[in-house]
Amino acid sequence: DVKVTQSSRYLVKRTGEKVFLECVQDMDHENMFWYRQDPGLGLRLIYFSYDVKMKEKGDIPEGYSVSREKKERFSLILESASTNQTSMYLCASSFYLQGTSVNTEAFFGQGTRLTVV
Amino acid sequence: AQSVTQLGSHVSVSEGALVLLRCNYSSSVPPYLFWYVQYPNQGLQLLLKYTSAATLVKGINGFEAEFKKSETSFHLTKPSAHMSDAAEYFCAVGRGGGNKLTFGTGTQLKVEL
């Protein structure tokens, strides 16, 4: 059974803290994603990685960075947490079909609900 | 740029009634379209996807969607709602290489007795 695992379901952090959200997938997928989910806004892409050490900014990268040192692991970093980063964070992964632009299914983790106080 | 619009942030149906969740897309290229479902406190799960092989796409749990190019629509339907269908549903469109997705704002489906 395919699996994307996020390290925490709930997190409470203080303003100004450096926060790490971890995501691991066991499907040997090339692509990994971090999305942010807010009511009425749907999911918005923060960062995307298509290979180890490769990353690309999404639609809302400000205040975030990412790290992908191993294929199976993709970390989201909040350099200095702020209250407007209180949200649900979803990690996803997908398989890349070489040489095509075919969109394959994304598999999602359970989400991390982050509260910044 | 690709985008999707979901009409109706909340939809309420009676158990056994038809479910219709609306999604319209905008894409400059033939689109890849997806419907995902999110149950409370869960991640997203794929219901179905359109990849140009057939305009009527059947998914899990009795859901299906029809791709209509002339209407730029990809509405999700289920003939008979069940209480277990209560969830939030997201339409998404592929953004070309890399499997990035643009999501709609979601529709919360409520099923009443």
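The values are calculated or read from the model by the stated rules, or taken from the named source; none is laboratory data. Just so we're clear, the structure is a prediction, and the values are computed from it rather than from any experiment. Cβ placement follows ideal geometry from the backbone for every residue including glycine, while neighbour counts extend to all protein chains displayed. Heavy atoms of the whole protein, side chains included, go into the accessibility calculation; ligands, DNA and RNA do not. Shrake-Rupley method; radii C 1.70, N 1.55, O 1.52, S 1.80 Å.
Please state the equivalent ellipsoid semi-axes for chain A: what are the square roots of 5 times the Cα gyration tensor eigenvalues, largest first, in whole Å? Its equivalent ellipsoid spans semi-axes of 24, 14, 14 Å. Taking every alpha-carbon pair in chain B and binning the separations at 5 Å intervals from zero gives 2, 13, 24, 26, 19, 10, 4, 1, 0 percent. For segment B:1-89, the Cβ-based charge dipole about the Cα centre amounts to some 240 debye (Lys, Arg positive; Asp, Glu negative; other atoms uncharged). Solvent exposure of A:ASP59, expressed as accessible area, is near 90 Å², computed with a probe of 1.4 Å over the protein chains only.
The heavy atoms of B:MET83 present about 80 square angstrom of accessible area, all protein chains included, probe 1.4 Å. Using C-alpha pairs below 8 Å separated by at least 6 residues, the relative contact order for chain B is 37 percent. The string of couplings for segment B:21-27 from the Karplus curve (6.51, -1.76, 1.60, θ = phi - 60°) is 10, 9, 9, 10, 10, 9, 8 Hz, one whole number per residue in order, with x for Gly and Pro. Its Kirkwood hydrodynamic radius, worked out from the mean inverse distance over all distinct Cα pairs, puts segment A:7-50 at 12.8 Å. Taking max minus min of the alpha-carbon positions on each principal axis, segment B:45-84 gives extents of 33, 17, 14 Å, largest first. For segment B:101-106, 3J(HN,Hα) computed residue by residue from phi via the Karplus equation (6.51, -1.76, 1.60; θ = phi - 60°) reads 10, 10, 9, x, 7, x Hz, glycine and proline entered as x.
Could you sort B:GLU64, B:GLU15, A:GLU69 by accessible area so the largest value comes first, with the probe set to 1.4 Å? Mind dumping the intermediate values first?
Details: B:GLU64 55, B:GLU15 80, A:GLU69 115 Å².
Greatest to least solvent exposure: A:GLU69, B:GLU15, B:GLU64.
Over 32 Å, how big is the tail of the calculated P(r) for the protein assembly as shown, in percent of all Cα pairs? Summing the P(r) of the protein assembly as shown above 32 Å gives 19 percent of all pairs.
When the listed pairs A:LYS3/B:LYS68; A:LYS55/B:LYS78; A:LYS18/A:LYS57; A:LYS13/A:LYS55; A:LYS55/B:LYS68 are checked against a 28 Å cut-off, the alpha-carbon distance exceeds it for A:LYS3/B:LYS68; A:LYS55/B:LYS78; A:LYS55/B:LYS68. Ranking of B:VAL13, A:VAL117 by solvent-accessible surface, largest first: A:VAL117, B:VAL13 (1.4 Å probe, protein heavy atoms only, all chains present). Measuring only protein heavy atoms, the 1.4 Å probe finds B:LYS68 accessible over about 80 Å².
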